[in-house]
Structure formats: structure tokens, C-alpha cells
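S.K.: Dropping the structure in here first, questions after.
The numbers here are math on the coordinates, done by the rules we state, and not lab data. Predicted model only: the values in this text are computed from it and were never measured. In this analysis, Cβ positions are derived from the backbone assuming ideal geometry, glycine residues included, and neighbour counts consider all displayed protein chains.
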Amino acid sequence: MKKGLLMLLAVASAFAVATQSLAGGSRLAGMAADARITEDQNLVFTYPNKALEYSNTVDVRLGALSAFGGGVMGDEWGGFMLKEDDLGVLGLYANRPGAATANGFFTYLAPGFNPTAIELFWAKDLEGLNLGLQLLYAAHRDHGNDDNYQDFGANIGLGFTSDAFSQINLHASFETASMTLGGFDGTGTPMVISAGALVQKDVDNDHFMRIFGDVRLDMTPIFTNVIPESSAIAWDLGLGCVKKVNGGKATISSGLIVTQSSVSVGPPTTNFMDATLVNWSTSVEASVNSWLVVRTGFSKPLYSSFDKVTDGAFAFATGATVNWQNFTLDLNITPASLQNLFGNPEVGGGIFYPSSNNVGLVTVASADLSYKF
């Protein structure tokens, strides 16, 4: 079973650089978007220098509402970013999910674990150079099976401008782990190294373009012949365009991402997977009024050379944001419920007053609540 778990993690990590933002939050999920194209607060987990842009915020992620209150890693998580004039931005997050995330953190902690997971942030503007640092510690212990997992990581981000580009962001991260399976230690130290860049060019006040890329190397040693040695390398390259319309009240984003992944298992070394994926996404956000924003989008794989990835799978997403004073509530709405609403309209059905079928207007899959101070 543990061998199968590692194989699953290896495959997931190989594709992680291309899917980092899809698990980022309800706003991104509500339009099937990548944060590197559309810009989003979740970029702080890849580029910690961006904490300067999202400071003085309390951020609570409610996760899958059907599992609310479980406390398991990935259900609910959150943190805050606080700006102090002399120290810069200080942040703390707890319980963030991230099995095989793009920045490497939590790679060796499988979904369903309930570990101690803490991330610390620091960011400061140093005379035009934005510097950010992210530190992580996570641990899980299974006393019944005598398994012990510990994860350590560090990520540094730099941001600056130039004559040619309005925004240049760089990041590099390193992660290592300590694992004991069934009371037996591994014969080596696993590690993940990743790096990336995000560059933005402002065409005019209503248009900008982004070019970005990431590369990641995973190395996992053998564990007492229970888990085989494996290595994975993945890189991606993307191009995104963003256009503001209707006087800035709406934003249209579209982008293309190419990912190349390779996983080897051994010894004897065998090529477990070698794949190329080309994905296209488009999204739109629009302000209906001062308190409501609606959004939608889709993601479409144009090409996949890996037979375990379905060619032509089309992902449609819908969402909304409700603003009240300093509170922001992002909602990821289940598209099937919206389609049912259009296909079966019912007078009297609503959010607070259920229809005759005892359901609300739409179904909310996940929600994020933040407070700006």
C-alpha cells in the first residue's frame, strides 16, 4: 500500500508545476484559473515577496463545505499577514494542504493526515527590491504503525521592476523530509528543489501580458525495500494575457501552459512516466455592484502524451464574491447546480428560502473568508 502511495505522489508531483493554483482557493477554483495568469493572493505560497501586496489580511479557508469541521489537513486552514513599518510583513499560516504542491512543501505528507503544519512569512521592500522568505515545518506521527513523517522547507522570493517589464518575480525553494516507516529509517534523505520566474509587461492601462515558468526536481531514496527509489523532474512554461473591459469593472484572462514531466523508479532504473501536457484556460470576472462579483471560466487540455490523463477533458467553473465592509467571501459554486437552476427554474427557490425540493438556489462547493484591516 505504501509503495502505491509513493507512486501516486510521484505522478502528482510531476504535474504539480502546472496545477499549483487550481488547489489554491475558492476564487481560482471558481474560474478554473492559474494564479500566475490572473493574479491572486495564493501566489504568496510560491513567491513570498508578494506578501507585501496582500498584507494586513486575515485569511480563513473553509475548504470542502461537506467536510467542514473535520480539522483534517486540507479541510480548513488559514493564517494572517501583518505589516509593521520597521519589520516589514510578518505572516503565519497553519494546516495548509499541499501534498505534491508546486513549491515542494508537504510533498511527503499524504492527503488525510492531520499533522502539525506551520508556515512563517517575512517580506520587506528594500529600496525597490521586494524580498520575501517562507519557512515551513510539518510533522505527522502514526503511533499504531510506528510511522513518523517530518517535512522542512524554505522558499525565497525576489521582486523588482525594469525599463522593459513592470513586474519581475523570482523564487527558489528547497524541501527535505525525515521518514520512518514501520519503525525503520530510510537509507537516504529525500529532497525537492524548485525554482521559477514570473514576468509581467503592461501594454497599456487595460492590457498586460505575463510569461512564467517553473522547474522542479524530486528525489526520494529507497526505504527498506518497501518504497522504491524514485526521481522526478518537471518544468512548465506559460503565457497569459489579461484585458480589463467596461471601465475596469470586468477582467478577461486567457493563457496557455506547456508542461513536461519525467519520473524514473529504481534501481534498476526504469522510466515510469514521460509526458507532455498542453493546457489552455480562459476566465472572466465582473463586478455586478459594490458588494457582488461574479466569475466563470474553463480549462481545456489541448494535448496530452500521458495515457493516464484524459485527452479533451473540459473543466467548467463558476463562482462569486460577496463583499461587506472589510469582509470578502469567495464562493466556488458547483457548475451542475447552476445548470440545474437554468434548466429547472422554480419560482420561490432561493438561498435563504429553499425550494420545494428543499435545496437552495445553487450549491457552494468551497468558500474562503478574509478580512482586510
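S.K.: Pop a pseudo-label 7 angstrom from the Cα along the beta-carbon direction at both Ser262 and Lys244 and give the gap in nm to one decimal.
M.R.: Label-label distance for Ser262 and Lys244, simple model: 4.3 nm.
S.K.: Obtain the nm distance between the two label points defined at Val322 and Phe152 by a simple spin-label model: each point lies 7 Å from its Cα along the Cα-to-C-beta direction.
M.R.: Going by the 7 Å Cα→Cβ label model, 4.5 nm.
S.K.: Extension gain Met219-Trp280, at 0.36 nm per residue separation less the Cα-Cα distance, in nm?
M.R.: That works out to 19.0 nm of additional length.
S.K.: Taking the Cα-to-Cβ direction at Leu120 and at Phe373 and moving 7 Å from each Cα, how far apart do the two end points lie in nm?
M.R.: Computed distance between label sites Leu120 and Phe373 equals 2.2 nm.
S.K.: Evaluate E = 1/(1 + (r/R0)^6) for Ala197 and Asn344, where r is the Cβ-Cβ distance and R0 equals 35 Å; express this FRET efficiency to the nearest 0.05.
M.R.: Efficiency, rounded to the nearest 0.05: 0.15.
S.K.: Taking the beta-carbon count within 10 Å as an exposure proxy, list Trp122, Trp291, Trp77 from fewest neighbours to most.
M.R.: In order of increasing Cβ crowding within 10 Å: Trp291, Trp122, Trp77.
S.K.: If neighbour count is taken as other Cβ atoms inside 10 Å, put Ser173, Ser254, Ser194 in order from fewest to most.
M.R.: Fewest-to-most Cβ neighbours within 10 Å comes out as Ser254, Ser173, Ser194.
S.K.: A further question on this structure: Counting other C-beta atoms within 10 Å, which of Glu119, Glu127, Glu229, Glu53 has the fewest, and how do the rest follow?
M.R.: Glu127, Glu53, Glu229, Glu119
S.K.: Provide the net charge surrounding Ser231, with neighbours chosen by a C-beta distance below 14 Å and charges set as Lys +1, Arg +1, Asp -1, Glu -1.
M.R.: Computed value for this residue: -2.
S.K.: Give me the number: length gained by fully extending Asp206 to Val60, i.e. 0.36 nm times residue separation minus the C-alpha to C-alpha distance, one decimal in nm.
M.R.: Difference between extended and current length: 49.5 nm.
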